[in-house]
Ligand SMILES: [Zn+2]
């Protein structure tokens with residue numbers, strides 16, 4: 001599971017959007033435009049190697065852990 005697609009909810013418009021995540025580069029922090037409403041979402045990807053989980057934070061107020 002190096003690159004995977006995850007459905008997330010845009011915090012601006014509430015639409016479900018598909019984002020690609022690449023876990024091969026470690027923790028990531030970037031901005032990606034929503035394809036629906038074109039607002040910019042702040043995406044933070046944190047890899048917890050100790051617990052083997054990936055945490056994805058979208059714009060700070062939408063936390064999705066799996
Ligand atoms: Zn949106």
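Every number here is computed from the coordinates shown, using simple stated rules; none is lab data. From a predicted model like this one, the values you see are computed outputs, not experimental measurements.
Side notes on the structure shown:
- Cα-only Debye scattering, the chain: base-10 log of I(q)/I(0) at q = 0.18, 0.26, 0.28, 0.30 Å⁻¹: -0.62, -1.23, -1.39, -1.54
- Taking 0.36 nm per residue of separation and subtracting the current Cα-Cα distance, fully stretching the chain between residue 3 and residue 55 would add 17.3 nm.
- Taking 0.36 nm per residue of separation and subtracting the Cα-Cα distance, full extension of the segment from residue 18 to residue 38 would add 5.8 nm.
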